[in-house]
Amino acid sequence: MGRVLPRNFGHMAYRVDDIYALCEKLQANGVTINHPPWDGHMAFIKTPDGISIELLQKGDALPVREPWASMENVGSW
C-alpha cells in the first residue's frame, strides 16, 4: 500500500483582494487550482510539497463567474 499523505488541516490561509484574478494568474503560471472559487469566496491550491493553501476573498464574495463556477475539483485539497 502506498504512502497516505495528510490533508494538512490546519492549513495555511490567505485573504486576497481578487480571488478570480489571483487564481487566473496562478493557473497561467502552472499552479493547479485544486478547488476552484465556485462561489467567489474560497479556493484551494497545494504547494509542491503537498501543503494545502486556502485562498479567501477579502470582504464579501465576488459574483459567481465562469469558468470557475463550472470547474471541478482536481486531486485533493
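The values are calculated or read from the model by the stated rules, or taken from the named source; none is laboratory data. This is a predicted model, so every value here is computed, not measured. Cβ placement follows ideal geometry from the backbone for every residue including glycine, while neighbour counts extend to all protein chains displayed. The protein model used for the area step is the full one, side chains on, heavy atoms only, and it has no ligands, DNA or RNA in it. Shrake-Rupley method; radii C 1.70, N 1.55, O 1.52, S 1.80 Å.
Annotations
- Once backbone amide H atoms are built at 1.01 Å from N, Phe44 has Asn34, His35, Leu55 as its partners under 5 Å, excluding neighbours fewer than 5 places away on the same chain.
- Phi to ³J(HN,Hα) by Karplus 6.51 cos²θ - 1.76 cosθ + 1.60 over segment 51-67, Hz, x for Gly, Pro: 8, 6, 10, 8, 10, 10, 5, 5, x, 6, 4, 6, x, 4, 9, 7, x
- Percent of beta bridges antiparallel (DSSP, the chain, rounded to nearest 5): 60
- Most to least accessible of Val74, Val16, Val31, Val64 (protein chains only, probe 1.4 Å): Val64, Val74, Val31, Val16
- Across segment 29-70, Cα-Cα pairs more than 13 Å apart make up 54 percent of the total.
- Rounded to the nearest 10 degrees, the angle from helix 19-28 to the longest Cα principal axis of the chain is 60 degrees.
- Cα pair count fraction exceeding 15 Å, expressed as % - the chain: 54
- A Cβ-based charge dipole, computed about the Cα centre of the chain with Lys and Arg at +1 and Asp and Glu at -1, lands at about 300 debye.
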